[in-house]
Each structure stands twice: as C-alpha cells, then as structure tokens.
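Scroll down for the structure; my scribbles are underneath it.
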Amino acid sequence: MPGKRLSPVQNKIHVLRAENRMTQKELGTKVGVSRQTINAMEKGRYTPSLALAFEIAEVFNLNVTDVFQYQKGGLEDDSNSN
C-alpha cells in the first residue's frame, strides 16, 4: 500500500531545537502554536504558513531558507511499510 504524501516543505526544526536545547512545547509557546503542531511539522505532516515559518526562523536567528526547504512533489511516508 502506498505511503501517505508528506509535506513538500522539509525543515530542520528538530535539529535546531536539539542544538538549542529547546522542547517542542517551548518552541510552540514562542511562536504561538501547540507542541502537537511543532511535532507535526518535524514529521512532515504539516506545512506551516509563511508567517509561522518566518517566526520559527526568527527564534533561531536564521533566514527562513536556512530552516525550511521546498521539495517539489513532497515525499512518501513509508513509516507504516512492512
């Protein structure tokens, strides 16, 4: 069975949070979203709005393109494959 289509926007949120010793909840609080939203973005299951992408980049003092990359067509989620 084919996997679910993931967001075409890939990101480095998980890596950046780890480097900055920040939890999903802490980042969510800083940008006004839930921990679950941060988790969904990290897993490629949610594409943030442009405004949210800029807010997240600002938290890490980076350009939005340093945090988010567009991958035409998205990716297949094969995490449920046997």
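The values are calculated or read from the model by the stated rules, or taken from the named source; none is laboratory data. None of the values given here were measured: they were computed from a predicted structure. Positions of Cβ are generated from backbone atoms using ideal geometry, with glycine treated the same way; all protein chains shown enter the neighbour counts.
Residue pairs whose Cβ atoms lie under 7 Å apart, sitting 6 or more positions apart in sequence or on different chains, and linking a residue in the range 9-22 that is under 18 Å from residue 70 (Cβ atoms) to a partner that is surrounded by 11 or more Cβ atoms within 10 Å (Cβ to Cβ) and among the β-branched types (Val, Ile, Thr), are 9/47; 11/67; 12/67; 13/38; 13/56; 13/67; 16/67. Taking (1) in a helix (DSSP H, G or I); (2) surrounded by 14 or more Cβ atoms within 10 Å (Cβ to Cβ) in turn, residue 44 satisfies each apart from (1). Being surrounded by 12 or more Cβ atoms within 10 Å (Cβ to Cβ), at pLDDT 95 or above and either assigned to a helix (DSSP H, G or I) or small (Gly, Ala, Ser) (or both) is a property that does not hold for residue 65. Evaluation of residue 44 against the conditions (1) at pLDDT below 95; (2) under 10 Å from the mean Cα position of the chain (by Cα); (3) at negative phi; (4) not aromatic (Phe, Trp, Tyr) shows that the sole unmet condition is (3).
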